[in-house]
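Report on the following structure.
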Amino acid sequence: MRRTTRRRIRRGVLYLVFAAAVAAVVLAADWDRIRANFLQPDVARAQLPEIITIAAKNTILFTVISFSGGLVLGIVLALMKLSTVAPYRWLAIAYIELFRGLPALLTIFAMAYVLPIAFQVHVPGGTIGAGLLALILVAAAYMAESIRAGIQGVPKGQTEAARSLGMSAGRTMLSIVLPQAFRIVIPPLTNEFVLLIKDTSLLFIAGSTLQNKEITTFARDGVINSNNSTPLVMAAMLYLLITIPLTRLVAVLERRLGRSR
Amino acid sequence: MPLTGVAAIEVAGLHKSFGDLEVLRGVDLTVEPGQVVCVIGPSGSGKSTLLRCVNRLEEPTSGEIRVEGIDILDPEIDVDRVRARIGMVFQQFNLFPHLTVLSNLTIAQRRVLGRSKRDAVEVARHNLARVGLMDKVAAYPAHLSGGQQQRVAIARALSMDPDMMLFDEPTSALDPELVGDVLDVMRDLARSGMTMMVVTHEMGFAREVGDQMIFMDDGVIVESGRPRDVLSDPRHARTRAFLSKVL
Ligand SMILES: Nc1ncnc2c1ncn2[C@@H]1O[C@H](COP(=O)(O)OP(=O)(O)OP(=O)(O)O)[C@@H](O)[C@H]1O
Ligand SMILES: [Mg+2]
């Protein structure tokens, strides 16, 4: 048998297996129960419009806040880690190890409840503000590593050219190195953004009033109140509605930026 | 040469080590204003390191460097202001890939010299015309040939109105057919009276344009003189050996 023929047969078999698996799931599933538990139009209608106007809005808002804060702090940490002054490096390394090592949930809990009691520190915005601050701290630790790699990925000749034109070290970093590092860093930062969208669901532990519920908390309360799981399905759809266009958008952006290289 | 008689570049007893490796082992050198000094020598002899010490991209281990009479190794000196007066052109061009040609030429004018946008653009256009690339103002570096990139790099350095220019093998990374355009630009620049230090393997260019030729080997200047003399009648055996290999 020729190699191409054999490959075609193998692919055909794989398609058959896939079709059989799908058929098995569809046949085995109890569609009436699924519809009753997960796809109830009445329950769905009861979630609207708040699941969008409040919950989805909060998820996006919390993500943007913790991403922006994390980005700024992450740049500072990356620069500290690349500093020629050793104590700055140690501080940055300790910070990054600490906040990457701890579960985000624990950090949120600590910021929201332990800090105010132990140190009398009160973050503006109450416990949800403290929870957001925790997310910023955690995001910064993850982003710092990507940003550091991005900065180091910019060729040394770029710094030398800028310095030889008389630019200061700070100006060189700001105008020449960081913009180029940013392009290198777009894929890992997108990844971090998507992870943060999902991590905002951990904010439930910081307590929630109706006004600051995000998608997961809102849907969980919806499940409890209606004794039906339809809100979970809605939550899942909302997350995908946010994350999929976002990753597509960044892919386009990346291709655009790649052109000026 | 101005009557003041201050040398453009004066290097005395320059030493530079990288760890245990002593790369410059006592270099003395004077470049007068308006002079073109060509530096030749085998790979690893310290040519780039010498050039990079002159604008302190490398910190010398010991010795003295004066630029227009000012001791640039003085810890009190603002090295950024010294560098703004010394243009540098690299083998690998090092254009800023995220900026257009025009922005490559204006960014340091604006950020370092504090020129207005209008003035900076005017100076940039003038210098682009000088290197024959007026039509590339809006292009990104990636869309230019190597020869065009190097000419933009020269125009970028010139836009700072430097008093002198350092060239580190400006044509070594170019395809042979692109070398000529870059050398033409450098020749015009030399004729206009620019003080230049040029590390190069282009012996024809050095012979035609150079006022002084320096042969370096193993971290010291072995021989220096008028290019035609050094090239056709080298006094030292090491110079002869090197030239017989490259000519
Ligand atoms: N940053 C550095 N760290 C360690 N060693 C270095 C560094 N820069 C240069 N050297 C070494 O110093 C020596 C001289 O280097 P330099 O670049 O000045 O030589 P060159 O004459 O310009 O050679 P080429 O013709 O190959 O460019 C070489 O042995 C090189 O490996
Ligand atoms: Mg070199």
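The values are calculated or read from the model by the stated rules, or taken from the named source; none is laboratory data. Note that the structure is predicted; figures quoted are calculated from it, not measured. All Cβ positions, even for glycine, are placed from backbone atoms using ideal geometry, and neighbour counts span all protein chains on display. These area figures cover heavy atoms from the full protein model, side chains too; ligands, DNA and RNA do not enter into them. Shrake-Rupley method; radii C 1.70, N 1.55, O 1.52, S 1.80 Å.
Overview of results
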| quantity | calculated |
| --- | --- |
| Pair list, Cβ < 6 Å and 6+ apart or interchain, from segment B:106-126 residues that are within 14 Å of chain A (Cβ to nearest Cβ) to residues that are of a type in the set (S, T, Y) | B:Q109/B:S159; B:A120/B:T106; B:V123/B:S159; B:A124/B:T106; B:A124/B:S159 |
| Unique residue being farther than 17 Å from B:D168 by Cβ and either within 16 Å of ligand 2 (Cβ to nearest atom) or at the interface with chain A (Cβ under 9 Å from one of its Cβ atoms) (or both) when the list is B:V101, B:V37, B:V79, B:V27 | B:V79 |
| Residue in segment B:214-224 that is within 14 Å of chain A (Cβ to nearest Cβ), buried (at least 22 other Cβ atoms within 10 Å of the Cβ) and within 16 Å of ligand 1 (Cβ to nearest atom) present | no |
| Given (1) more than 8 Å from ligand 1 (Cβ to nearest atom); (2) at negative phi; (3) open to solvent by less than 60 Å² (accessible area, probe 1.4 Å), index of the condition B:L50 fails | (1) |
| Check on A:I75, at pLDDT below 90 and either buried (at least 18 other Cβ atoms within 10 Å of the Cβ) or not in a helix (DSSP H, G or I) (or both) | no |
| Single match in B:I65, B:I72 (criterion: open to solvent by less than 50 Å² (accessible area, probe 1.4 Å), free of Cβ contacts under 8 Å to residues at least 40 places away in the same chain and not polar (S, T, N, Q)) | B:I72 |
| Candidate set: segment B:23-34, residues that are more than 9 Å from ligand 1 (Cβ to nearest atom) and part of a strand (DSSP E or B); chosen: the one nearest to the chain's Cα centre (by Cα) | B:V31 |
| Among residues of segment B:14-24, those that are touching a Ser or Thr at 6+ places or on another chain (Cβ under 9 Å), open to solvent by 40 Å² or more (accessible area, probe 1.4 Å) and within 16 Å of ligand 2 (Cβ to nearest atom), counted | 1 |
| Within segment B:1-13, considering residues that are of a type in the set (A, V, I, L, M) and more than 18 Å from the chain's Cα centre (by Cα), the one most open to solvent (accessible area, probe 1.4 Å) | B:L3 |
